[in-house]
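Have a look at the structure below, then the notes.
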Amino acid sequence: MKGQMMRSPLRITSFIDRAGELFGKVEIVSRLADRSLHRYTYKECRNRARLLAGALQAFGLQRGDRVATLMWNHYVHLEAYFGIPLAGGVFHTLNLRLHPQEIARIAEHAGDRFVIVDDALLPLWEQVATHFKPERVIVVSISNKPASHSNDDYDALLLAHSQTQFEPVDVDEDDAAGMCYTSGTTGSPKGVLYSHRALVLHSLAISLPDVLAFRQSDVILPVVPMFHVNAWGLPFSAAMLGAKLVLPGPCLDPTSLLELFAKERVTFSAGVPTIWMGVLRELDAHPDAWRLQPNVRMLVGGSAVPESMIRGYQKHGIRLIQGWGMTETSPLGTVNGLKSYMTDLPEDQQMAVLAKQGVSAPLIDIRTVDADGACPRDGQTMGELQIRGPWVAASYFRSDSEKDKWTDDGWFRTGDVATIDSEGYMRITDRTKDLIKSGGEWISSIDLETALMTHPDVQEAAVIAIPDEKWNECPLAVVVLKEGTSVSPDTLRAHLAPRFPKWWLPDRFVFAKEIPRTSTGKFLKSKLREMYRAGCL
């Protein structure tokens, strides 16, 4: 017997319609390239998104066509998030931190018909355009400079269609709404195609009290780029609830971000550890300079969070929430928080829980698997992390060669190595390609990195495998010290010694000014291995 409920399609475009109607006076604030602040409302955003949709249809956009964006986080990018799907199209966010030839290759592979680009990024686009030619280029002014290009002007385009009657395309919930390519940490970038249904369910799940706990009264600042996994879904959840959005544009230095936190009364933000390390240093250096809202929450993902960072933010009354996800998981897979009966644990035990990547989000299943099958949930046994759920990719776009990333019983192989404990808390121990095998035993580079970063003089650290005649591989630590400090390898080795077996400890340390990173802020260990693959320092 089937239920007797209405069949109402799940579409992300319903979010902006609801926000415009019920929360039309709520602000969306954007910092532009010239550092000025642009302010308007959800009602205006909805109206302009519909104008964009009409203009794209007038250009000949067909259902399922891809429209690329090359933009920072600001109000026009938000309009594109909704306007392109309203027209039946698929928004494809291009990663502006990639090499121009790589951006062109991705746009070509995606089959992008049109591109919307910031005028501040035109020099980058001109390099991309030597390798990729879309049908039309629409330029957005965020620098307040006179137009000096021959492409379509975004605001003029909307004005030209201001009197046009527009009807949203009646898309199915399983139709594609957005597309993002992976960061290419372990290979060439691959396209992930998000459906309306997946994005709606993801938005609902991350807004739950025991996940990110969004409410309409929140002020949400996505530091994570809108070009990377839809800014982790924050713009969709904000619109769904009618919460104020603050978009930082290209100004991502700690001072600029803290200015927005204070002036706009931000209550929630999200970004990678690199961003939050810089913000924490500024707060520590000038604790009385910033009047932030009480009980600010910050989501951090992309790489493991040092315990010292969690403790550091606690001193400023800010709760750091650790999560884990991937482009393929829309992105949230797990999120951390203490269970009700853990709040009476000693602080060190609570911190040991919070330093993990958390439990699976509602509707998401995770498991770890090794050569013998499913791993026990003992918090010790490492295995490949696998995941499934309604917002997890079932395949890559135009990439049949990657079918082995999915198991026969329907799980996605993440490529991460993890443990899961008896309470269900998952802890990433490495990427499969970053594990160090020394004398036949596995060493977790992430465990060593997080321990090194608890030393008061260490700003950040990355650990890689280098060749070793006796043990096949051994760990090498690349360390960035805090300004004005000096530490010896022996001191760092002694700092690690109480936590790990002797054979885990790095014999070799390199002190560097910086650690190379991917376009999304993760340590670029392939580059480090290339630099030190001979083991010669």
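Can you list which of the chymotrypsin sites (Phe, Trp or Tyr not before Pro) found in the stretch 242-277 are DSSP loop residues with at most 14 other C-beta atoms within 10 Å?
Hits after loop and neighbour filter: nothing returned.
Considering amide H positions built from the backbone, and no H for Pro or chain starts, which residues 5 or more places from residue 246, or on another chain, come under 5 Å of its amide H?
29, 220, 221
Of the trypsin sites (Lys or Arg not before Pro) in the stretch 16-57, which ones lie in a loop per DSSP and count no more than 15 other C-beta atoms within 10 Å?
25, 35
If you place +1 on the Cβ of every Lys and Arg and -1 on the Cβ of every Asp and Glu, how big does the dipole about the Cα centre of the stretch 362-431 come out, in debye to the nearest 20?
Here the size comes out at about 280 debye.
Would you please give the FRET efficiency between residue 398 and residue 172, computed as 1/(1 + (r/R0)^6) with r the Cβ-Cβ distance and R0 = 22 Å, to the nearest 0.05?
Taking R0 as 22 Å, the efficiency between residue 398 and residue 172 is 0.60.
Could you tell me which residue out of 443, 478, 497 lies farthest along the dipole of the stretch 439-511 toward its positive end? Charges go on the beta carbon: Lys and Arg +1, Asp and Glu -1, centred on the Cα centre.
Of the candidates, 497 comes out farthest on the positive side.
I'd like the FRET efficiency for residue 423 and residue 497, computed as 1/(1 + (r/R0)^6) with the beta carbon distance as r and R0 of 35 Å, rounded to 0.05.
Approximately 0.75, to the nearest 0.05.
Over the stretch 362-431, calculate the relative contact order: mean separation of alpha carbon pairs under 8 Å at least 6 apart, over the residue count, as a percent.
Once divided by the residue count of the stretch 362-431, the mean separation gives 34 percent.
Please report Rg over Rh for the stretch 452-537, where both radii come from the alpha carbon positions and Rh follows the Kirkwood definition.
Rg divided by Rh gives 0.95.
Before anything else, pin down the relative contact order of the chain: Cα pairs under 8 Å, at least 6 apart, normalised by residue count, whole percent.
This gives 10 percent for the chain.
Kindly flag which residue pairs out of 403/433; 2/403; 315/482; 433/482; 25/263 have an alpha-carbon separation exceeding 22 Å in this structure.
Flagged as over cut-off: 2/403; 433/482.
If exposed means no more than 15 neighbouring beta carbons inside 10 Å and the site is in a DSSP loop, what's the longest run of the chain without any exposed GluC sites (Glu not before Pro)?
Answer - 136-422.
Please list, by residue number, every one of the trypsin sites (Lys or Arg not before Pro) in the stretch 415-511 that is coil in DSSP and has at most 10 other beta-carbon atoms within 10 Å.
470
Answer with one residue from 252, 465, 391: the one whose Cα lies farthest towards the positive end of the charge dipole of the chain, charges on Cβ with Lys, Arg +1 and Asp, Glu -1.
Positive-end residue among those listed: 252.
For 401, 395, 237, which order do you get if you count the other beta carbons within 10 Å of each Cβ and list the fewest first?
Least crowded to most crowded, the residues run 401, 395, 237.
Give me, ordered by chain and number, the residues 5 or more places off residue 296 or on other chains with an amide H under 5 Å from its own placed amide H.
Long-range HN contacts for residue 296: 319.
Using Cβ counts within 10 Å as a stand-in for footprinting exposure, how do 77, 495, 131 rank, fewest first?
In order of increasing Cβ crowding within 10 Å: 131, 495, 77.
How much mean residue ellipticity at 222 nm does the chain get from its helices, if each DSSP H run of length 4 or more adds -39500 (n - 2.57) and you divide by all residues, to the nearest 500 deg cm²/dmol?
When only DSSP H runs of four or more count, the value is -8000 deg cm²/dmol.
For a quick check: sort 324, 442, 471 by the number of other beta carbons within 10 angstrom, fewest at the front.
442, 471, 324
For the stretch 411-416, take each phi angle, set θ = phi - 60°, evaluate the Karplus expression 6.51 cos²θ - 1.76 cosθ + 1.60, and give the result in whole Hz per residue in order, putting x for glycine and proline.
9, 8, 7, 6, x, 8
How large is the dipole of the chain about the Cα centre if only Lys and Arg carry +1 and Asp and Glu carry -1, each at its Cβ, rounded to the nearest 20 debye?
Here the chain has a charge dipole of around 600 debye.
With unit charges on the beta carbon (Lys/Arg positive, Asp/Glu negative), name the residue among 22, 89, 78 whose Cα is farthest towards the positive pole of the charge dipole of the chain.
Looking along the dipole axis, the top candidate is 22.
We did not get these values from a lab; they are worked out from the coordinates using the rules stated. Every value quoted in this text rests on a predicted model; they were computed, and no experiment measured them. Virtual Cβ from ideal backbone geometry, glycine too; neighbours counted across all protein chains shown.
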